[in-house]
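Taking it in order: structure first as structure tokens, then the write-up.
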Amino acid sequence: MLGRWQPWHDGHRALFEKILSVAGQVCIGVRDTHGTTEKDPLPIEDVISRIHEDLEKDYAGKYTVWQLPNISGVYYGRDVGYKIEQETFDSSVTDISATKIRKDLGIE
């Protein structure tokens, strides 16, 4: 998983759980985007802490979190042995708004 996670929310957890059910493990890449836009108010340390707070109890040992630079693209030149896929969800997940969550938390 690769994203900003500003902030981590139930939609992100749903994606995590779907990937975990397929792969048995998940690597969560956190892009360091703090302060680049109004949608990136959280320092990367806070983002990573929120991910661990949500997942550690239920999924310890099944995931890792990596701090990454602000990746703007994923490029490859040949068959690299992995897929780049978009998962789909019903509206109970797709209607989750990180913008609204940030506003409710007073961090936007």
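The values are calculated or read from the model by the stated rules, or taken from the named source; none is laboratory data. Since the model is a prediction, treat every value here as computed from it, not as a measurement. No Cβ is skipped: glycine too gets one built from the backbone with ideal geometry, and neighbour counts run over all protein chains shown. Accessible surface areas use protein heavy atoms only, side chains included; no ligands, DNA or RNA. Shrake-Rupley method; radii C 1.70, N 1.55, O 1.52, S 1.80 Å.
Per-structure values
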quantity: Out of LYS18, LYS83, LYS100, LYS57, sole residue that is without any contact (Cβ under 8 Å) to a residue 12 or more places away in the chain, within 16 Å of LEU2 (Cα to Cα) and either of a type in the set (Asp, Glu) or open to solvent by 40 Å² or more (accessible area, probe 1.4 Å) (or both); calculated: LYS83
quantity: In region 1-15, the residues that are assigned to a loop (DSSP other than H, G, I, E, B) and open to solvent by 30 Å² or more (accessible area, probe 1.4 Å); calculated: MET1, ARG4
quantity: Residues (in contact with a Pro (Cβ under 6 Å, 6 or more places away or on another chain) and under 21 Å from GLU87 (Cα atoms)) located in region 12-58; calculated: none
quantity: Members of region 60-79 that are within 26 Å of LYS39 (Cα to Cα), open to solvent by less than 100 Å² (accessible area, probe 1.4 Å) and free of Cβ contacts under 8 Å to residues at least 12 places away in the same chain; calculated: GLY73
quantity: Pair list, Cβ < 8 Å and 6+ apart or interchain, from region 41-52 residues that are closer than 18 Å to ASP10 by Cβ to residues that are charged (D, E, K, R) and not in a helix (DSSP H, G or I); calculated: VAL47/ARG4
quantity: Test: THR99 is touching an Asp or Glu at 6+ places or on another chain (Cβ under 9 Å), of a type in the set (Ser, Thr, Tyr) and closer than 23 Å to ASP46 by Cα; calculated: yes
quantity: TRP5 at positive phi, at pLDDT 95 or above and in contact with a strand residue (DSSP E or B) (Cβ under 8 Å, 6 or more places away or on another chain); calculated: yes
quantity: Unique match (being assigned to a helix (DSSP H, G or I), more than 15 Å from GLN6 (Cα to Cα) and either open to solvent by less than 60 Å² (accessible area, probe 1.4 Å) or β-branched (Val, Ile, Thr) (or both)) among VAL47, VAL93; calculated: VAL93
quantity: Selection from region 21-42 of residues that are loosely packed, with under 14 Cβ neighbours inside 10 Å, out of contact with any Lys or Arg (no Cβ under 8 Å at 6 or more places or on another chain) and not in a helix (DSSP H, G or I); calculated: CYS27, GLY35, THR36, THR37, GLU38
